[in-house]
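Only one structure is covered here, and it is reproduced in the block below.
Since every read-out is calculated from the coordinates, none of them should be taken as a lab result. For clarity, every value in this text was computed on a predicted model and none was experimentally measured. Every residue, glycine among them, receives a Cβ derived from its backbone with ideal geometry; neighbour counts consider all protein chains shown.
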Amino acid sequence: MHTLLRDTWTVFARAMRMSLRNPAWLVISLMQPILYIVLFGPLLEPLSGQLGPGNAYQIFVPGILVQLGIFGALFVGFGLIAEYRAGVIESQRVTPASRTALLLGRVLRDVVVLLVQGTLLVLVSIPLGLRAPFLGVVLTLIVIALLGAAFASVSYALALTLKSEDAFAPLLNAFVLPVLLLSGILLPMTLAPGWLQTVSDVNPLKHVVEGTREFFVGGYDTSTAWWGAALTVVLAVLGWAFGVRRFRRESS
């Protein structure tokens with residue numbers, strides 16, 4: 001365990017240093033959700049009565065946070081492909097470092113970045129009209145961290161499998177659009193026709209989004225909130241298991 005923690009910290013520190021040396025991509029990745037909040041959020045205010053309990057930002061901001069957790073983590077695999085091409089992965093394979101730590105350190109960096117971005121997103125939303133309980137925000141950020149860990153693990157595993165941006169990018173794009181439309185990230189699925197709601201029910205991310213919205217209105221005792229949280233944990237476990245298995249197989 002001591003070796004795993006030490007190796008994880010080493011990988012995390014290296015990954016974080018690389019991020020801090022090039023902060024532009026952090027700012028760029030944060031700009032899109034902020035633009036959604038600033039430019040799209042006001043359009044929802046007249047629809048507050050149709051969106052459910054709470055004001056428009058209590059409905060919209062949790063969805064944007066989930067979007068950040070999913071899509072902010074899904075694209076980290078591009079960096080791993082670049083490292084693979086530069087020989088970094090190969091050099092790490094010949095070290096005695098734990099193969100689990102090689103993944104865990106990178107995922108930990110991604111989770112820290114997501115938490116910083118998510119916190120800034122909430123702070124930007126407050127002057128615009130967001131009113132949410134502190135505990136609800138904290139619980140939602142925990143959900144975002146778990147989602148980020150799940151999708152970052154999957155992204156790294158897929159990148160290590162495909163080893164090509166030309167194959168990786170189309171695969172992500174094929175996944176992103178259905179998830180964005182069927183998870184209710186931008187608008188609750190209660191506004192959709194019945195057939196579309198039925199289709200979206202099989203998407204676990206829809207329930208995660210609905211759960212975070214419950215947290216933002218203080219619905220800590222509802223089944224919707226904790227069903228979404230439970231599905232997040234399941235996704236985190238499955239994503240992590242897939243990522244670790246792929247890293248160990250690559251290093252065998």
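Summary table
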| item | result |
| --- | --- |
| At most 13 other Cβ within 10 Å, DSSP loop - chymotrypsin sites (Phe, Trp or Tyr not before Pro), the stretch 139-244 | Tyr220 |
| Average Cα contact separation per residue, the stretch 49-168, under 8 Å, 6 or more apart, as relative contact order % | 50 |
| Extension gain (nm, one decimal) between Leu177 and Ile142, 0.36 nm per residue minus Cα-Cα | 10.1 nm |
| Theoretical gain in end-to-end length, Arg249 to Trp9 [0.36 nm per residue, Cα-Cα removed] | 84.2 nm |
| Diffusion constant of the stretch 81-204 at 20 °C, which comes from Stokes-Einstein with the Kirkwood Cα-pair radius and 1.002 mPa s, µm²/s | 123 |
| Where Rh is the Kirkwood radius over Cα pairs, Rg/Rh for the chain | 0.99 |
| Within the stretch 2-251: Cβ-based charge dipole about Cα centre, in debye rounded to nearest 20 (Lys, Arg +1; Asp, Glu -1) | 860 |
| The chain, relative contact order [Cα under 8 Å, separation at least 6], % | 27 |
| Sites Val112 and Arg85 - FRET efficiency at Förster radius 41 Å, r taken between beta-carbons, to 0.05 | 0.95 |
| Fewest-first ranking of Ile70, Ile28, using other Cβ atoms within 10 Å as the exposure measure | Ile28, Ile70 |
| Tail beyond 19 Å, pair distance distribution of the stretch 161-252 (Cα, percent) | 55 |
| At least 20 Å along the helix axis (C-alpha) and Kyte average at least 0.0, DSSP helices within the chain | 56-74, 99-125, 134-162, 165-182, 223-251 |
